[in-house]
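The values are calculated or read from the model by the stated rules, or taken from the named source; none is laboratory data. From a predicted model like this one, the values you see are computed outputs, not experimental measurements. So basically every Cβ, Gly included, is an ideal-geometry build from the backbone, and we count neighbours across all protein chains shown. Remember, those area values only see protein heavy atoms, side chains included, never the ligands or the DNA or RNA. Shrake-Rupley method; radii C 1.70, N 1.55, O 1.52, S 1.80 Å.
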Amino acid sequence: MSQKQTQFTILPNEVIYNIFDFLKTSDTLRAFAHLNGRYDDLLRFYIERIDLITGWEGDFYDFKWICSSIQALKINQYYVHCTKPINSIKFNDPLPFDQIQLFIDQCYLKTSILRKVNLKFDYIIFNEDIWSTIVRYKNTFEHFNFYASFMVNDKASIIKIIPLHNDHFDYHIKDGDPLHAYTRFVHIYSLPFVFDTLHGFISCSELSSRSSFLSVRYLYSTRTLLARPISFELLTTRMPNLISIDCDFSFYHECNTKISQLIFDQGIFNYIRFFRFMSYCSSKRCVCFTQLPQLLNRMPRLQCLITFDDPPEYAWHPLLPIQRLDFRRCDFTSFHNLSEHAPHLSTLFVYYTISSVRELSDILSSLYMRIPSLKLASIKVSRTYCSNGSYYEEIAKQALVQVQNMNKRLHHLTLKCDYGVAEFFLRNM
């Protein structure tokens with residue numbers, strides 16, 4: 001039987017873009033650039049990022065070739081991508097800034113094709129040579145946006161380099177408890193601030209009034225040990241477009257203190273969908289742990305909540321919009337009234353001690369019967385076997401059978417056990 005062959009040149013654009021997805025930018029350019037007008041158009045709209053870290057094996061001449069190709073294709077905006085996951089960074093690893101500088105200088109000084117440059121670095125050691133280059137770029141490019149979190153031992157030197165009257169850059173200091181020897185972090189950014197993410201937040205009072213943060217959608221608090229409160233005052237005014245807040249902080253103070261370590265006003269976070277609140281304190285019962293419900297009541301559209309504590313126990317009002325709850329950091333005990341506080345819940349992650357088949361089956365039947373929208377209940381067990389010697393997998397399987405026999409709808413409940421986690425998922429009927 002003869003097989004019909006399709007010419008590569010008549011493949012639809014969607015197929016070509018799928019092929020591009022499997023190639024590095026440099027390989028895509030070498031394979032498809034300058035073939036014909038159609039492929040040049042596809043490249044012009046496709047190329048958005050050039051990765052100088054992952055798998056890059058080019059040299060100076062490769063840089064020049066890429067620059068000339070981009071110039072010929074008239075691509076005037078793309079991203080120079082240089083990043084590593086924070087958890088893989090070693091503090092003594094040198095930042096490959098020389099590669100970035102070489103690429104930018106070649107593009108601009110030799111070909112004059114770059115019109116906009118965005119540079120963002122996370123947790124790098126401050127270097128005056130890098131800083132002088134950043135200042136030069138700010139004075140060179142019409143649109144140059146910069147944001148970096150620098151590790152410094154002497155924050156006074158940073159303040160000296162970036163005086164308050166500097167119209168091109170601003171900064172805020174993520175400072176920890178002065179009684180403990182922690183590295184200071186200084187967040188430096190160009191003006192105006194255009195990025196959608198801000199790190200190292202402690203309070204709006206520590207942010208300069210010269211900067212506008214209307215573009216910020218994702219806010220991350222400081223993660224250093226604090227000897228002063230975290231403040232949400234004026235946050236809804238300074239960052240009204242927030243959709244996500246991630247708080248992970250530790251307080252250092254007397255466990256019997258009556259002074260709140262969380263400060264907030266009456267502002268409403270109208271667009272917050274995601275809230276992560278991990279607070280580590282001297283005492284489980286100090287006043288710090290009574291503030292979360294008040295914050296939740298100011299987030300009317302919250303959909304995902306991750307927390308260390310057990311807020312449904314003391315929440316003032318039902319969390320009607322909540323669809324995802326994550327309590328994997330605490331021993332959860334609020335199964336009995338969860339349906340009242342989160343009636344539209346679809347995903348639940350908890351940390352729990354499984355003690356018997358009957359207890360687990362009662363919990364599961366209560367959850368799935370009282371919360372019709374619930375699909376996934378993931379239970380991370382505190383022990384891999386229970387008091388009677390049965391492994392959690394055996395108890396989970398027996399509980400599943402009991403629950404399936406309770407209700408026709410629950411016949412579709414499934415179980416997966418792996419790495420100390422029992423996941424119950426309700427398939428669609």
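Structure notes:
- Members of the stretch 412-426 found to be open to solvent by less than 60 Å² (accessible area, probe 1.4 Å) and in a strand (DSSP E or B), listed by number: 413, 414, 415, 417, 421, 422, 424, 426
- Scoring residue 339 on the criteria (1) in a helix (DSSP H, G or I); (2) surrounded by fewer than 16 Cβ atoms within 10 Å (Cβ to Cβ) leaves a single failure, condition (2).
Results for (1) more than 30 Å from residue 302 (Cα to Cα); (2) at pLDDT 90 or above, shown as yes or no for each residue.
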{"site": "350", "(1), (2)": "no, no"}
{"site": "371", "(1), (2)": "no, yes"}
{"site": "377", "(1), (2)": "no, yes"}
{"site": "380", "(1), (2)": "no, no"}
{"site": "391", "(1), (2)": "yes, no"}
{"site": "416", "(1), (2)": "no, yes"}
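- Condition check for residue 285: under 22 Å from residue 249 (Cβ atoms), in a loop (DSSP other than H, G, I, E, B) and at pLDDT below 80: yes
- Residue check for residue 134: at pLDDT 85 or above, out of contact with any Leu (no Cβ under 6 Å at 6 or more places or on another chain) and open to solvent by less than 40 Å² (accessible area, probe 1.4 Å): yes
- In the stretch 1-53, the qualifying residues are those that are at pLDDT below 70, under 35 Å from the mean Cα position of the chain (by Cα) and among the aliphatic types (A, V, I, L, M), and the one that is most open to solvent (accessible area, probe 1.4 Å) is 53.
- For first residues located in the stretch 130-146 and more than 24 Å from residue 196 (Cβ to Cβ), partners that are of a type outside the set (A, V, I, L, M, F, W, C) and lie 6+ apart or on another chain with Cβ distances below 6 Å form the pairs 133/101.
- Subset of the stretch 183-207 [open to solvent by less than 10 Å² (accessible area, probe 1.4 Å) and under 18 Å from residue 125 (Cβ atoms)]: 186, 187, 188, 189, 200
- The stretch 261-282: number of residues that are modelled with pLDDT of 85 or more and of a type outside the set (A, V, I, L, M, F, W, C): 7
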